[in-house]
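Here is the structure we will look at.
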Amino acid sequence: MNSFIPNNHSSKFFFIMGLVLLFVTWHIASIFFIELVLPSPKQTFTAIYKMFLNGELIYHLRISLIRVMFGFFLGTFIAIIIGILAGRFSFLYEMLRPLQAFLIGSPPIAIVVIAMIWFGTSHFVSIFVVSVLIFPTVYIHTADGYRQLNRQLFEMAQVYRRSLISVLINIVFPGLFLPIFTSVSLAMGSAFRIGIMAELLSASEGIGSSLGLARSNLDTAKVFAWLFISTLLVIVFDYFFIRPIRRNLIKKLHLE
C-alpha cells in the first residue's frame, strides 16, 4: 500500500511529467490548426520575447500586478477582520449571510459594470472588483474557522483574565491559520483572473487591456502569451510566497 502513497520526489516527478505532456499535446494540436486558431508553443514564446524586447511585457505586467495585489491584500484584510467578528458574534454572522450569498451569486461581469459606473476607467475599477469578489472566500473560511475553535480555550482565558491581544495571539490566530491560508491560496488565482477581466473591460493599460487589443488585431499568439504569463504568475506566487510562509508559520506555531 505504501507504494501508492506519493512522496515529495515522486510528486515533483509526476508534476513535471504532466507539464511535459501538456506542452507536447499543445504542440501536436497546433500542427493541425493555423496560428489564428491555435498558435504553437514556439509562436507563443516568440510573442512573449517580442513583448519583452519592446517593453510591453514589463509595462503592462507591472500595472496589473500593482492593481491585483493591492485589491487582493485589501480584500483579504477586510475579510479576515469581518470574519473574526462574525465568528465571534453569531448575530453578525447571520446578518452577513445575505451579503455573502449576494457576492457569491453575483456574476463578476456585473460587479465590473457597477465599478465602471462608480469609478469610470480608473485604477480603482480593478482594485474594487478584486477586493469585492475575493472577499467571500476568505470571509467564509475565517468566520467558519473561528466558530469551530475550542470554546474551552476561551473560557480558560477568561478565567485567567488573559488580555485580548493574548487571546488573539495564542488562540485565535493559531486556530485560524490553516483556514485563512487555504482561502488565500484559493483567492490568489481568482484575483488574477478577476483583475485581468476587469482590465479587459475598463482599462487602457494592464494585461487585460493588452489582451483586448490583441483580440481586436486577431493576434492569437499574444493572447496565448498573456494566458501563459498569467498562469505562471499564480504558480510562482503560490510556490514561492504563499507556501514558504505557510511552512514557516506551521513550524513556528507547532501545528505539525
TODO: Evaluate E = 1/(1 + (r/R0)^6) for Ile34 and Leu85, where r is the Cβ-Cβ distance and R0 equals 51 Å; express this FRET efficiency to the nearest 0.05.
DONE: 0.35
Task: Nearest 10 degrees, 0 to 90: helix 41-53 Cα axis against the chain principal axis - done: 80 degrees
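Can you figure out the FRET efficiency of Ala110 with Arg193, using R₀ = 22 Å and their beta-carbon distance, to the nearest 0.05? Display every interim value, and only then the final one.
On the way: r = 16 Å, r/R0 = 0.72.
Once rounded, the FRET efficiency stands at 0.90.
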Task: Principal-axis tilt of helix 124-147 within the chain, Cα atoms, nearest 10 degrees - done: 40 degrees
Task: Degrees separating the helix 207-216 axis from the principal Cα axis of the chain, which is the longest one - done: 30 degrees
- [ ] Would you mind listing how long the chain runs along its three principal axes, going by Cα atoms, in whole Å with the largest first?
- [x] 72, 57, 30
Open item on the list: Testing the spin-label approximation: label points 7 Å from Cα along Cα→Cβ at Gln43 and Leu65. State their distance in nm.
Closed with: 2.9 nm
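As an exercise, use a Förster radius of 35 Å and the Cβ-Cβ distance of Met17 and Ile58 to find the FRET efficiency, rounded to the nearest 0.05. It would help to have the intermediate numbers written out before the result.
Values: r = 32 Å, r/R0 = 0.92.
So the FRET efficiency works out to roughly 0.60.
Count of lysine pairs in the chain with Cα atoms under 23 Å apart, counting only pairs 8 or more residues apart in sequence or on different chains? Don't skip to the end; give the middle numbers.
Working: Lys12/Lys251; Lys42/Lys50; Lys42/Lys222; Lys50/Lys222.
For the chain, the number of qualifying lysine pairs is 4.
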TODO: Tell me the chymotrypsin sites (Phe, Trp or Tyr not before Pro) within the stretch 68-172 that lie in a loop according to DSSP and have at most 15 other beta-carbon atoms within 10 Å.
DONE: Phe89, Tyr160
TODO: Using 0.36 nm per residue of separation minus the Cα-Cα distance, give me the extension gain between Ser204 and Gln148 in nm, one decimal.
DONE: 15.6 nm
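Read the figures in this text as sums done on the coordinates, not as results from a lab. Since this is a predicted model, take the numbers as computed values, not measurements. Every residue, glycine among them, receives a Cβ derived from its backbone with ideal geometry; neighbour counts consider all protein chains shown.
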